[in-house]
Amino acid sequence: MTNVSLGEHSKLTANPAERDRVRKFYTQVLGCPATKRSEKIDIFRIGSDFSLGVVYDNSALSAADGLKSIWLELRTPEPEALKARILEFGIQEVPFRDKEHFYFQAPGGQVFRLVGKTEDMSRWQR
């Protein structure tokens with residue numbers, strides 16, 4: 001048994017040219033409040049206990065390199081409705097072998113898997 005867990009804060013680095021699109025995506029599409037906004041960093045509250053910092057820097061990974069980075073999971077009570085908003089925002093699906101879930105790359109490069117809030121994901125751990 002391990003004695004570690006993931007913390008409540010993570011960060012990604014995005015190109016400053018993506019700043020407006022990142023802000024609109026996290027606040028308007030996902031409905032995440034921005035707890036800090038500046039030219040160098042934005043912090044978004046995702047759910048009740050997770051914060052995502054977006055650092056704006058010209059050395060950010062390309063979108064192609066972001067596909068090779070860590071992928072995160074977003075849980076929502078209405079995955080189909082959120083998927084529709086994401087697609088309407090102009091984001092395309094990331095092809096992946098798991099055809100039961102929607103994968104996408106957010107502005108700034110982060111890849112997410114969309115799952116239902118009450119969905120039992122333990123079978124995916126096998």
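No value in this document is a laboratory result; all are computed from the given coordinates. As the structure is a prediction and not an experimental result, all values here were calculated from the model. When we count neighbours, we look across all protein chains shown, and the Cβ atoms used for this are built from the backbone with ideal geometry, even at glycine.
General remarks:
- Per-residue Karplus couplings for the range 89-103, computed as 6.51 cos²θ - 1.76 cosθ + 1.60 with θ equal to phi - 60°, are listed in order as 5, x, 8, 9, 5, 8, x, 8, 5, 6, 8, 7, 10, 9, 10 Hz, Gly and Pro entered as x.
- Built amide H within the under 5 Å cut-off of ILE46, gap 5+: SER51, LEU52
- Each residue of the chain gets 132 Å³ once the volume of the Cα convex hull is shared out per residue.
- Within the range 9-120: Cβ-based charge dipole about Cα centre, in debye rounded to nearest 20 (Lys, Arg +1; Asp, Glu -1): 320
- Amide H contacts under 5 Å for PHE102, placed H, 5+ residues apart: LEU114
- Residue-span extension gain [GLN92 to LEU61] - 0.36 nm each, minus C-alpha spacing: 9.3 nm
- Zone residues, the range 41-82, relative to GLU8, backbone N less than 11 Å from point 7 Å out along Cα-to-Cβ: 48-51
- Long-range HN-HN contacts of CYS32 with modeled amide H, under 5 Å: THR27
- Trypsin sites (Lys or Arg not before Pro) within the range 35-76: DSSP coil, no more than 16 neighbouring Cβ in 10 Å: LYS40, LYS68
- Comparing mean-square fluctuations of LEU30, LEU72, LEU114 from a GNM of the chain with C-alpha springs under 10 Å, the top value falls on LEU72.
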